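Structure first, commentary second.
Each value in this text was obtained by applying a stated rule to the coordinates, not by laboratory testing. Since we're looking at a predicted model, the values are computed, not measured. Glycine gets a Cβ as well: all are built from the backbone with ideal geometry, and neighbour counts include every protein chain shown.
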Amino acid sequence: MNFLDNIFFALLLAIGIGYFTINVKKLIRNINLGRDVNRSDNSSERWKNMTMVALGQSKMVKRPIAGFLHIIVYVGFVIINIEVIEIIIDGLFGTHRVLSFMGVFYDILIGSFEILAFLVLVAVIVFWIRRNVTKLARFTSSDLKGKPKNDANYILYFEMVLMSLFLLMNAADLHLQNLGIGHYNQAGSFPISQFIAPIFNGMSESLVVVIERIAWWLHIIGILIFLNYLYFSKHLHILLAFPNTYFADLNAKGKLDNLESVTNEVKLMMDPTADPFAAPANPDAVPAKFGASDVQDLNWVQLLNAYSCTECGRCTSSCPANQTGKKLSPRKIMMDTRDRLEEVGKNIDLNKGVFVEDGKSLLNDYITTEELWACTSCNACVEECPINISPLSIIIDMRRYLVMEQSAAPTELNNVMTNIENNGAPWQYNQMDRLNWANEE
């Protein structure tokens with residue numbers, strides 16, 4: 001590799017990493033648009049949660065076939081990309097297989113990379129068949145049409161091409177090593193690409209060198225493109241699954257948080273020493289909104305959840321409301337939240353860091369009240385999510401807004417709340433008449 005190639009590689013690397021850094025900053029800014037919530041408690045339990053769920057894939061294997069294949073792709077893709085370290089060094093300094101000085105250990109590394117690359121290729125092909133041939137129900141539902149469906153396929157194609165280029169590059173390298181051409185010294189073990197190498201028999205040495213160089217360049221360019229595509233795709237969970245599981249709610253499922261503003265009011269009412277006529281500490285402060293109508297009303301962990309969603313559909317396939325034909329899809333709730341958050345982020349970018357009211361909101365423009373009230377609050381979606389996302393928390397906060405800010409609860413729920421207020425029970429009977437049934441013959 002000559003001097004100009006080194007400069008071009010350095011520029012390519014700087015552009016790829018630079019653009020990725022810009023998008024990561026946008027991602028962090030958008031997540032921080034959410035309300036503050038304290039998730040710094042019980043760090044040991046959080047580390048354990050992250051290790052088991054994100055690193056150990058403990059919830060993925062509840063569906064064994066998909067779980068096993070996902071582990072192959074996950075482990076393989078992460079480990080294979082260790083080779084990117086060598087590619088970067090070779091690209092910047094014009095060396096070739098610079099880490100080959102490690103001898104037998106290098107052979108083991110390259111050999112394991114190849115086996116994993118082949119397994120990843122097989123697993124990705126199976127995933128493609130499941131999505132596009134057998135067409136599993138959770139991959140063909142209406143909330144996954146258009147961009148989300150195409151995005152999933154693009155990722156599979158990316159992985160197929162990257163693994164194929166990796167094996168083709170090694171096969172050409174092996175062929176040139178066997179011929180003793182130039183700097184292609186014996187280095188590495190090639191248990192898979194040795195079966196590809198025979199296709200180069202009879203080709204001119206210069207053509208094989210060109211093929212090896214093209215595969216090498218396309219492989220690293222493909223990795224940089226894939227890295228920057230992450231921000232725009234569901235595959236962002238590769239990076240966010242770890243913080244998402246670390247900051248997940250550790251409370252027992254079914255335990256809802258209380259609104260701090262309401263809690264403070266109740267405490268004030270119950271405090272016999274409090275002065276009910278005292279002026280508020282900050283009379284100019286804008287009263288806090290009850291619940292959430294837009295993404296800025298959600299907390300930052302819920303927005304992190306939205307960006308972390310893998311769109312796998314396990315939540316929706318387990319949702320009893322969805323199974324009975326209701327409009328609710330927990331997956332759609334997360335996708336809609338992310339789409340609205342992206343819209344708000346673009347608004348801020350266009351207006352020099354300030355959000356300008358656009359007349360839209362998450363409620364009604366993205367998520368309908370019909371979807372929200374279809375939820376049974378059963379937590380099936382939370383239980384099923386492979387990375388501990390909670391669509392239910394967003395649903396509950398938006399319901400709170402409907403009830404406490406707009407008084408827009410369904411008639412049935414209003415009747416229940418009226419009965420509780422008047423009769424101390426959800427039934428429309430006076431307290432004095434509750435035990436009348438015991439006297440009936």
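Assorted remarks:
- Separation between Cα centres of the stretch 132-208 and the stretch 81-106, rounded to whole Å: 19 Å
- For a straight C-alpha distance cut-off of 16 angstrom, the lysines reachable from Lys25 (same-chain residues fewer than eight places away being disregarded) are Lys346, Lys352.
- Separation between Cα centres of the stretch 1-58 and the stretch 314-374, rounded to whole Å: 24 Å
- Derived scalar couplings ³J(HN,Hα) [the stretch 59-67; Karplus, 6.51 cos²θ - 1.76 cosθ + 1.60; whole Hz; x for Gly, Pro]: 8, 5, 6, 5, 10, x, 5, 4, x
- With contributions of -39500 (n - 2.57) from each DSSP H run of at least four residues, the per-residue ellipticity at 222 nm computed over the chain stands at -18500 deg cm²/dmol.
- For the stretch 322-441, relative contact order (Cα pairs under 8 Å, six or more residues apart, normalised by length) works out to 18 percent.
- Set of aspartates and glutamates with alpha-carbon distance to Lys62 below 18 Å, sequence-local pairs under 8 removed: Glu311, Glu383, Glu384
- Segment Ser40..Ile214, full-extension length gain: 57.8 nm, with 0.36 nm per residue of separation and the alpha-carbon distance subtracted.
- Taking only alpha carbon atoms, the stretch 202-359 gives an Rg to Rh ratio of 1.19, where Rh is the Kirkwood radius.
- For the chain, built as a Gaussian network whose Cα springs stay under 10 Å, the top-fluctuating residue of Leu230, Leu162, Leu259: Leu259
- When the chain is treated as a GNM with alpha-carbon contacts under 10 Å, the residue of Asn351, Asn430, Asn414 showing the greatest mean-square fluctuation is Asn430.
- Computed over the alpha-carbon pairs of the stretch 260-428, the distance histogram in 5 Å steps reads 1, 8, 13, 16, 17, 14, 12, 9, 6, 3, 1, 0 percent, short to long.
- Nearest-ten-degree value, helix 330-350 long axis tilted from longest Cα axis of the chain: 80 degrees
- Candidates Asn258, Asn170, Asn23: whichever shows maximal mean-square fluctuation once the chain is modelled as a Gaussian network with Cα springs under 10 Å: Asn258
- Rounded to the nearest 20 debye, the dipole magnitude of the stretch 260-428 is 460 debye, with +1 charges on Lys and Arg beta carbons, -1 on Asp and Glu beta carbons, and the Cα centre as origin.
- Dipole of the stretch 260-428, positive direction: furthest Cα of Val356, Cys319, Thr273, with charges on the beta-carbon: Cys319
- Between helix 237-246 and the chain: long-axis angle, C-alpha atoms, 0 to 90°, nearest 10: 40 degrees
- Entry note: the chain has Rg to Rh equal to 1.09, where both radii use alpha-carbon atoms and Rh is the Kirkwood radius.
- Each principal axis of the Cα cloud of the stretch 93-232 was taken in turn, and the coordinate range along them, longest first, works out to 57, 32, 30 Å.
- Reach of Lys326 by Cα under 20 Å, taken over lysines that are not fewer than 8 positions away in the same chain: Lys145
- Taking label positions 7 Å along the Cα-Cβ direction at both Ile108 and Lys135, the computed distance is 4.8 nm, reported to one decimal.
- On Cα atoms only, tilt of 260-270 relative to the major axis of the chain in degrees: 30 degrees
- Taking amide H as placed 1.01 Å from N in the peptide plane, Arg35 has its amide H under 5 Å from the amide H of Leu298, Asn299, Trp300, each at least 5 places away in sequence or on another chain.
- Calculated from backbone phi, Karplus (6.51, -1.76, 1.60) coupling profile of the stretch 382-394 in Hz, x at Gly/Pro: 5, 5, 7, 4, x, 10, 6, 6, 10, x, 4, 4, 5
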